[in-house]
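The structure appears right after this line, and notes come after that.
The values are calculated or read from the model by the stated rules, or taken from the named source; none is laboratory data. What you see is a predicted model; the values in this text were computed from it and never measured. FYI the Cβ positions are ideal-geometry reconstructions off the backbone, even for glycines, and counts take in every protein chain you see.
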Amino acid sequence: MKSKPVILLFIDWYLPGYKAGGPITSCANLIAHLKDEFDFRVITRDTDYTETKPYPGIISNQWNTLPNGTHVYYFSEKELSYGRIKSLIQETKHDKIYLNGIYSRYFTIYPLLYARGKSFENVIIASRGMLAQSAIEVKRKKKKAFLALSRGLGLFKSVIFHASTASEKNDIEKEFGAGVKIRIAGNLGAMRHFSNNPFRRKERGDLRLISIARIAPEKNLHYALQQLASVHDLSITFDIYGPVYNKEYWESCLMMIKTLPKGVIVKYHGSIPHETVPEVLSKSHFLFMPTQGENFGHIILQAFSSGCPVIISDQTPWKDLEKQKYGWDISLSSPDEFVEALRKACSLSQEEFNKLSEHVFRYASDFLQNPAAELENRNLFR
């Protein structure tokens, strides 16, 4: 039997971690879809995002095999170095190197430095939305300085960039020039969690919102709370899940929560692992996330897969949602439209909500069964 091509996949955080959000989901879904054709070997840290204790049940600084058969090398902080990463690459026979992210010292830059002078044709970099303008604006000076230096040194010269959308392709070209090599392959969704759309009770004048995202300025939770401050006559519960990435920002959100109308109840639940996300979504009416920008927005597709329509900003690939009856995508410069969407969502009857919920559930089902994105991702590694 012919052996499968080996892909060395570098990423700062991976399963069983979940606090780093989208990149973990993107890579886990990629492996789940393509593992029968490619042998992915994941190289990552032995801790979750913002954590210092290693994952229970894994052995640091050696290869582990996850329940789904994926081989993962978990580096301890003490062992992370250029020399150890170079040795691990040399010791592990591989056909391609797949890097996730632009700025990571250990999991992007060091593998690239090793690859200099070798075949860059075998190095693929997924920028994971990090070159979008909204992402660059966070710590702008440092990022701009790094990108300028990397261009000067030719750090990314001749590599193949993985863009998940045409918009991301434009972002890459803006930073590295029109001649850069780019392949577009859409992000893959998770395998279906529900065979039938979960039922949730919905009464007119009552609304259960949910947000599942890290608490940081780019996710715009404070903006969401500002809109809820304008709905004095509605009964709304807003469940918030996700790690606190920016404590100062979270403090400002807590101050806003204290000023909300009596009819708006906000509950913070902390972080939750990937496997529990469908369950909490299945108990909510709408995902409410006026994000400043998403490369893909896995949580949006997960919401649809759970029969949960969305109220989001227009800074994601998910467009024209009201027209398609999937919810609303609204400009951040139009806060009144967010308030109006909240009022419309709250006014839905059980019958009206059931139709909307079933509609997004069926849409997600069709999206996840579309073979085009899987073919695009398969071609990344051929």
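Descriptive notes on the structure:
- Test: residue in segment 198-206 that is buried (at least 20 other Cβ atoms within 10 Å of the Cβ), within 19 Å of the chain's Cα centre (by Cα) and modelled with pLDDT of 90 or more: no
- Within segment 337-368, the set of residues being under 16 Å from Arg200 (Cα atoms) and within 23 Å of the chain's Cα centre (by Cα) comprises Ser357, Val360, Phe361.
- Taken together, Ser164, Ser158, Ser150 contain a single residue that is polar (S, T, N, Q), assigned by TED's automatic domain parsing to the domain that holds Phe10 and loosely packed, with under 15 Cβ neighbours inside 10 Å, which is Ser158.
- Every residue from segment 54-75 that is surrounded by 13 or more Cβ atoms within 10 Å (Cβ to Cβ) and in a loop (DSSP other than H, G, I, E, B): Pro54, Tyr55, Ile58, Ser60, Asn61, Leu66, Thr70
- Checking Gly242, Gly263, Gly307, Gly297 one by one, the residue that is surrounded by fewer than 18 Cβ atoms within 10 Å (Cβ to Cβ), small (Gly, Ala, Ser) and in contact (Cβ under 8 Å) with a residue 12 or more places away in the chain is Gly263 and no other.
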